[in-house]
Amino acid sequence: MSFNTFGHVFRVTTWGESHGQALGATVDGCPPGVALDEGAIQPWLDRRKPGQSRHTTQRREADAVEILSGVYEGRTTGTPIQLMIRNTDQRSRDYSEIEATFRPGHADITYFQKYGHRDPRGGGRSSARETAARVAAGGVARAVLADLAPGLALRGYMVQMGSHAIDRARMDLSQIDRNPFWVPDAQAAEDWATYLDTIRKAGNSVGAVIEVAATGVPPGLGAPIYAKLDSDLAAAMMSINAVKGVEIGDGMAAAALTGVENADEISMGPDGPVYGSNRAGGVLGGISTGQDVVVRFAVKPTSSILTPRESITRDGAPTEVVTKGRHDPCVGIRAVPVGEAMMACVLLDHLLLHRAQCGQGPRGRIG
């Protein structure tokens, strides 16, 4: 299997399977001299790890990260950083009944069609467990960003579960860490808990929409035409397991606007350009404007459900599939820290690209 690497300068290669001995990431292109140890990465993995509430899979994994290379005496050396996370709570027997059966909505059938062989235990590489490696790599990216761009901060949160969206008039970012859904709306969190309990008890699942916003992004990140910041962000988010749609700024809603409504008007402020709105999501022509960079992505419902679904076996015989085991009724919940990690990796990659070509800061001065 090829294409397990993303990034231009800050490059991340993930490896491992859901039910293998371990999984992890190799991070190349990290600048030397950055303070880094397991303690700087572990908090981000703790936010993603399973079994933290009744609303996620009950698989119990510590997701303890180990740094095997690339760090000496607490600082990066500039050589590849090898990160490993051991699997400790696999139950491969849960998948014995579907070894020769394709789960509807899952990658089982396409993996088999492409490779002629697949790992049925939890989906192997197609499992959302692979995203733990991305979060670990994102922890490295955050450490570098804190060193090179200390004013930059990013935050992810859920804005929709199924057909239930937040009320942006009630949006309060301080609520994100106070509920199991990472939702900035206290009332929505209460309503969603009841809704998801109903979904889970029915042996069903539901999708979600996650928004990730980065503040303090310097202008000038991104390179036309084929390394646009927004195209790389879109590719990064779309690569996350179960993601089926990505928007930058107003995204699809921009199609319903007129040019007058859509234009983010510009005026001169005391410290540079000031924008009257941010429908572009902080990116114009593939290059950051200095405004907040805003990305949303849609996560489909978990394909592994207890409700019987019609399918076929490898022999082409009709069958009915009931997927046992431990699964997320809404995998979008744990996708929030994954989206943050991918945003961190892409922003750092483009920051390093910009510094390599243009040096520090924007070249064109205004005012």
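The values are calculated or read from the model by the stated rules, or taken from the named source; none is laboratory data. Remember, it's a predicted structure, so these values are computed and weren't measured experimentally. So basically every Cβ, Gly included, is an ideal-geometry build from the backbone, and we count neighbours across all protein chains shown. Calculation scope for accessible area: heavy atoms of the full protein, side chains included, ligands and nucleic acids excluded. Shrake-Rupley method; radii C 1.70, N 1.55, O 1.52, S 1.80 Å.
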- Item | the range 259-272, subset open to solvent by 70 Å² or more (accessible area, probe 1.4 Å) and assigned to a loop (DSSP other than H, G, I, E, B), residue farthest from G207 (Cα to Cα) | P270
- Residue by residue through the range 317-327, note down the ones that are open to solvent by less than 40 Å² (accessible area, probe 1.4 Å) and of a type in the set (S, T, Y). T323
- Return the residue satisfying two criteria in turn: it lies in the range 273-291 and is closer than 19 Å to L352 by Cβ and β-branched (V, I, T), and of such residues it is surrounded by the most Cβ atoms within 10 Å (Cβ to Cβ). V283
- What is the number of the single condition among (1) closer than 30 Å to Y195 by Cβ; (2) polar (S, T, N, Q); (3) surrounded by fewer than 23 Cβ atoms within 10 Å (Cβ to Cβ) that T79 does not meet? (1)
- Would you pick out the residues in the range 107-150 that are open to solvent by 40 Å² or more (accessible area, probe 1.4 Å), within 25 Å of I81 (Cα to Cα) and not in a helix (DSSP H, G or I)? P150
- Item | Only one of L154, L148, L83 that is modelled with pLDDT of 95 or more and in contact with a Gly (Cβ under 6 Å, 6 or more places away or on another chain) | L83
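Sort through R296, R314 and tell me the only one that's within 12 Å of V212 (Cβ to Cβ), open to solvent by 10 Å² or more (accessible area, probe 1.4 Å) and of a type in the set (D, E, K, R).
Unique residue meeting the criteria: R296.
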- A202 vs (1) more than 24 Å from P329 (Cβ to Cβ); (2) surrounded by fewer than 19 Cβ atoms within 10 Å (Cβ to Cβ): all pass except (1)
- Query: What are the residues in the range 46-66 that are under 24 Å from T26 (Cα atoms) and either surrounded by fewer than 20 Cβ atoms within 10 Å (Cβ to Cβ) or modelled with pLDDT under 95 (or both), if any?
  - Reply: D46, R47, R48, K49, P50, E61, A62, D63, A64, E66
- Item | Among residues of the range 205-234, those that are open to solvent by 50 Å² or more (accessible area, probe 1.4 Å) and within 24 Å of P150 (Cβ to Cβ), counted | 2
- Query: Is at least one residue of the range 154-163 in contact (Cβ under 8 Å) with a residue 40 or more places away in the chain, open to solvent by 30 Å² or more (accessible area, probe 1.4 Å), part of a helix (DSSP H, G or I) and farther than 30 Å from G316 by Cβ?
  - Reply: no
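Do you know which residues across the range 164-192 are touching a residue at least 24 places away in the same chain (Cβ under 8 Å), closer than 16 Å to E211 by Cβ and assigned to a loop (DSSP other than H, G, I, E, B)?
Within the range 164-192, F181, W182, V183, P184 meet the criteria.
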